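Structure, as structure tokens:
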Amino acid sequence: MPNGERPWPGRHLLDVADATEGDLEAVMVTADGLTDALGESPAALRGRRVATLFYEASTRTRLSFDRAARSLGAEVMDLPVGLSSVTKGESLIDTVRTLEALGAEFLVIRHARSGAPWLAARHFRGHVINAGDGWHAHPTQALLDLYTLRSLLPRGVRGARVVIVGDVLRSRVARSNIWTLTAAGARVTLCAPAVWLRGFQEWARAMAPERSIDLVGDLATALRGAEAVMALRVQVERLSDAGGPSQAEYAARFGLTGARLKAAGSDPLILHPGPMNEGVEISSEVAAGPRSAITEQVANGVRVRAAVFQMLAGGALADA
Ligand code: CP
């Protein structure tokens, strides 16, 4: 691999829960090394086929995987699931085997069910990349978020206090970010109504006792001294489930507004994985404001996903 970069330590990228700081830094360095993820990069995937298989809606992830693969010279086979034989009852395993028979060596999969990418990986001889499974994991989102913070935080990620605010309970973005940010040495504060944080303290203590994860039920407290704040998409259709707040209650207590940031005396970087509900979890003013890194996140998604492809392509298929 060029510039002393190293492959991803495995055949697939399914999760980042076990990623070490070194693994993450390798992705960051590989992404840095791509001169321009939009066309001037070494053609690491020339002549190879990438299949994108999205069982759930996506704008950013799907398009950025597509651009990343093409920028490395790959041919992309995008299966529109709603128009495919999935609608006639074709199983995930059969679809995966069909894509492999058509020459796919990389499979990018998003699915509403947690664990679906692991099932796909058991039946696909190439490389599987998890593009988001249920509430569980969204590894490339967390990698591009880390890349964005690493690029924009003046003192870097180690020691930085990063607040993740919103529906942590149902968020695959939050879970993957907890792993990557704490592995990179950030101090993570989770902020949400108590009903969406239930069980997280115990989970954090059991899973990662040495990592810095705090839980705060009050946004003003969480914002004080924060260097970056990531607002999560509120799943408005599920807001009142399990005793959660209404949309208006959530916006009133946890919506990220200019007034609230000013009152907290903090001027953090603002991140959001998208898609946004402007006026609910984030105001339009903050989303488009001078501290917003939201468009950088989207742009970095291409570079970071290209780095992931390159690192998987450089690894050994036998490293399951
Ligand atoms: N962040 C994210 O996964 O966005 P999409 O659903 O648009 O891909």
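The values are calculated or read from the model by the stated rules, or taken from the named source; none is laboratory data. Since the structure is predicted, the reported quantities are computational estimates derived from the model, not experimental observations. When we count neighbours, we look across all protein chains shown, and the Cβ atoms used for this are built from the backbone with ideal geometry, even at glycine.
So for the range 73-90 (the condition being more than 18 Å from Asp133 (Cα to Cα) and crowded, with 21+ Cβ neighbours inside 10 Å), does at least one residue qualify? Within the range 73-90, one or more residues are more than 18 Å from Asp133 (Cα to Cα) and crowded, with 21+ Cβ neighbours inside 10 Å. Inside the range 120-141, residues that are more than 16 Å from the ligand (Cβ to nearest atom) and assigned to a loop (DSSP other than H, G, I, E, B) make up a count of 4. Residues in the range 156-172 that are farther than 30 Å from Arg97 by Cβ and in a helix (DSSP H, G or I) were compared, and the one that is farthest from the ligand (Cβ to nearest atom) is Leu169.
Of everything listed in (1) part of a loop (DSSP other than H, G, I, E, B); (2) within 11 Å of the chain's Cα centre (by Cα), the single unmet condition for Leu144 is (1). Only a single criterion out of (1) part of a helix (DSSP H, G or I); (2) in contact with a strand residue (DSSP E or B) (Cβ under 9 Å, 6 or more places away or on another chain); (3) of a type outside the set (A, V, I, L, M, F, W, C) is not satisfied by Arg97, namely (2).
Within the range 74-99, residues that are touching a residue at least 24 places away in the same chain (Cβ under 8 Å) have Cβ atoms under 7 Å from residues that are loosely packed, with under 13 Cβ neighbours inside 10 Å in these pairs: Met77/Leu102, counting only partners at least 6 apart in sequence or on another chain.
Rundown of residues vs (1) modelled with pLDDT under 95; (2) more than 22 Å from Trp118 (Cβ to Cβ); (3) more than 17 Å from the chain's Cα centre (by Cα), yes/no style:
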{"residue": "Ser41", "(1), (2), (3)": "yes, yes, yes"}
{"residue": "Arg46", "(1), (2), (3)": "yes, yes, yes"}
{"residue": "Ala51", "(1), (2), (3)": "no, no, yes"}
{"residue": "Thr59", "(1), (2), (3)": "no, yes, no"}
{"residue": "Arg62", "(1), (2), (3)": "no, no, no"}
{"residue": "Ala68", "(1), (2), (3)": "no, yes, no"}
{"residue": "Glu75", "(1), (2), (3)": "no, yes, yes"}
{"residue": "Leu79", "(1), (2), (3)": "no, no, yes"}
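Only residues that are part of a loop (DSSP other than H, G, I, E, B) and without any contact (Cβ under 8 Å) to a residue 40 or more places away in the chain were counted in the range 265-279, giving 2.
Here is the figure for the range 185-225: residues that are in a loop (DSSP other than H, G, I, E, B) and either buried (at least 22 other Cβ atoms within 10 Å of the Cβ) or of a type in the set (D, E, K, R) (or both) total 7.
Exactly one residue among Leu107, Leu153, Leu149 is within 22 Å of Asp23 (Cβ to Cβ), within 16 Å of the ligand (Cβ to nearest atom) and either in contact with a Cys (Cβ under 7 Å, 6 or more places away or on another chain) or in contact (Cβ under 8 Å) with a residue 12 or more places away in the chain (or both), and that residue is Leu149.
Looking at the range 197-211, can you tell me whether even one residue there is touching a Ser or Thr at 6+ places or on another chain (Cβ under 7 Å) and touching a residue at least 12 places away in the same chain (Cβ under 8 Å)? Looking through the range 197-211, at least one residue is touching a Ser or Thr at 6+ places or on another chain (Cβ under 7 Å) and touching a residue at least 12 places away in the same chain (Cβ under 8 Å).
The conditions of being at pLDDT 95 or above, in a helix (DSSP H, G or I) and buried (at least 20 other Cβ atoms within 10 Å of the Cβ) are not met by Val298.
So that you can scan it fast, the table gives a plain yes or no per residue for (1) of a type in the set (Ser, Thr, Tyr); (2) more than 25 Å from Ala112 (Cα to Cα); (3) within 16 Å of the ligand (Cβ to nearest atom); (4) modelled with pLDDT of 95 or more:
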position: Ala186; (1), (2), (3), (4): no, yes, no, yes
position: Ser212; (1), (2), (3), (4): yes, yes, no, no
position: Ala222; (1), (2), (3), (4): no, yes, no, yes
position: Phe254; (1), (2), (3), (4): no, yes, no, yes
position: Gly258; (1), (2), (3), (4): no, yes, no, yes
position: Ala263; (1), (2), (3), (4): no, yes, no, no
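The set of residues from the range 40-94 being in a strand (DSSP E or B) and either among the aliphatic types (A, V, I, L, M) or more than 13 Å from the ligand (Cβ to nearest atom) (or both) comprises Arg49, Val50, Ala51, Leu53, Glu75, Val76, Met77, Asp78, Leu79.
Out of the residues in the range 81-98 that are within 18 Å of Arg125 (Cβ to Cβ) and of a type in the set (Val, Ile, Thr), which is nearest to the chain's Cα centre (by Cα)? Before the answer, list the steps.
Taking the range 81-98 and keeping what is within 18 Å of Arg125 (Cβ to Cβ), we get 91-98.
Of the ones still in play, those that are also of a type in the set (Val, Ile, Thr) are 93, 95-96, 98.
Working: Ile93: 25, Thr95: 24, Val96: 23, Thr98: 27 Å.
Result: Val96.
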